[in-house]
1. Based on the Cβ-Cβ distance from residue 22 to residue 2, what FRET efficiency comes out when R0 is 35 Å, to the nearest 0.05?
2. Show me 64-75, 15-26, 48-59 ranked by packing, highest mean number of other Cβ atoms within 10 Å first.
3. Run down the aspartates and glutamates and flag those whose C-alpha is under 19 Å from the C-alpha of residue 54, throwing out any fewer than 8 positions away in its chain.
Amino acid sequence: MTRFRASLINLRTQVKNKIHAILHKHALTHSFTDLFWCRRQQNGFQLTLEEPFKTSLNRYLSVVESLTGQIDAAEEKNHADGN
């Protein structure tokens with residue numbers, strides 16, 4: 001299960017890098033130290049972005065949220081199994 005969790009973390013990192021690439025390409029900055037934490041807390045995080053980049057960004061953010069949930073579940077399973 002540890003390898004599975006590590007592979008999920010790797011996938012999440014790849015998606016986060018794609019998100020940062022979109023932001024960098026459009027010279028968009030944010031004042032957050034952790035863009036993804038802010039998104040999870042729903043602190044009114046919004047960026048002005050044109051299509052198709054806006055849709056891509058939102059879908060990537062959804063993938064990050066999904067992977068984070070799966071990583072958390074894998075971590076809980078590891079603890080339950082004593083790993």
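Where a number appears in this text, it was derived from the coordinates with a stated rule and is not lab data. Because the structure is predicted, anything quoted here is derived from the model rather than measured. When we count neighbours, we look across all protein chains shown, and the Cβ atoms used for this are built from the backbone with ideal geometry, even at glycine.
1. Details: r = 31 Å, r/R0 = 0.89.
About 0.65, to the nearest 0.05.
2. Details: 64-75: 15.5, 15-26: 13.9, 48-59: 11.4.
So the order, starting with the most tightly packed, is 64-75, 15-26, 48-59.
3. Of all the aspartates and glutamates, those that pass the test against residue 54 - Cα under 19 Å, at least 8 places apart if same chain - are 65.
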